[in-house]
């Protein structure tokens with residue numbers, strides 16, 4: 001027992017966490033400085049290489065990515081899953097690099113890099129009133145927000161802040177450069193309601209683990225938030241889904257679906273919305289599996305509940 005009543009192990013964990021936080025903050029600031037000086041092609045190549053390096057060094061996330069792929073797509077061979085897993089890290093290395101060079105990324109670049117627009121894009125832009133815009137940690141969602149701002153359709157995005165305050169502030173500044181307002185995930189409900197009632201757009205990425213409701217995803221039950229469905233029922237605001245995914249040539253395709261209707265598989269319309277949203281995301285991820293965040297523990301709550 002230490003003299004101040006705390007355990008040595010707890011003090012050691014606290015010290016390690018503090019050190020990791022300071023290291024992460026230093027790395028973030030350094031990378032911001034580096035990528036802000038690079039052009040798009042240079043940043044893209046360096047981001048891809050960093051992603052490949054992290055794939056090699058991070059056994060935890062490499063194994064989680066492959067395990068998630070094995071569970072969701074058992075029809076793939078080990079070699080195919082290994083290839084996709086490395087592609088995931090390379091892709092998110094590029095996404096991170098692109099985000100960090102936001103100050104030097106012009107509106108013209110963002111618009112010109114969209115090579116194709118599919119789906120209900122015109123319906124979305126024509127709607128007058130509050131919209132719940134759903135995307136995912138897929139493709140390049142950060143550019144999607146900037147594109148909408150360019151079209152005079154700014155989106156207030158619900159996001160979870162990193163544990164390091166300086167990194168959270170840095171990310172908020174980067175996003176503010178594109179006209180995007182960030183709503184902290186923990187207490188965003190009131191701000192979302194206010195924004196929707198004022199006719200504004202709210203962006204939500206509900207593709208990370210939660211335990212509010214369990215819905216099918218890749219043939220397994222997965223825990224997800226209820227927020228988008230609940231907000232739709234309470235306000236009547238339509239839900240649209242938008243994905244901006246990357247082609248092999250580095251250009252992007254923007255796909256829009258909506259307004260989304262509740263799945264008839266659930267009596268509760270809010271739950272039905274969440275079923276429909278996960279069905280939409282699954283269709284997109286199956287087409288471009290290397291562009292979704294497989295390294296996240298998406299099935300954590302379902303596993304704890306014995307649903308897998």
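Details
Results for (1) at pLDDT 95 or above; (2) assigned to a helix (DSSP H, G or I), shown as yes or no for each residue.
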| position | (1), (2) |
| --- | --- |
| 171 | no, yes |
| 175 | no, yes |
| 182 | no, no |
| 209 | yes, no |
| 232 | yes, yes |
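- Filter pass, residue 264 being over 20 Å from the mean Cα position of the chain (by Cα) and touching a residue at least 40 places away in the same chain (Cβ under 8 Å): no
- Selected residue (only one of 153, 118 is more than 16 Å from the chain's Cα centre (by Cα), part of a strand (DSSP E or B) and closer than 20 Å to residue 259 by Cβ): 118
- Counted residues, segment 254-275 - those being more than 22 Å from residue 117 (Cβ to Cβ) and surrounded by 18 or more Cβ atoms within 10 Å (Cβ to Cβ): 8
- Residue in segment 161-173 that is touching a strand residue (DSSP E or B) at 6+ places or on another chain (Cβ under 7 Å) and more than 28 Å from residue 33 (Cβ to Cβ) present: no
- Those residues of segment 32-48 which are touching a helix residue (DSSP H, G or I) at 6+ places or on another chain (Cβ under 7 Å) and assigned to a helix (DSSP H, G or I), in sequence order: 32, 35, 40, 43, 44, 46, 47, 48
The values are calculated or read from the model by the stated rules, or taken from the named source; none is laboratory data. Source: prediction; values computed, not measured. Counting neighbours? That spans all protein chains shown, and the Cβs are built from the backbone with ideal geometry, glycine included.
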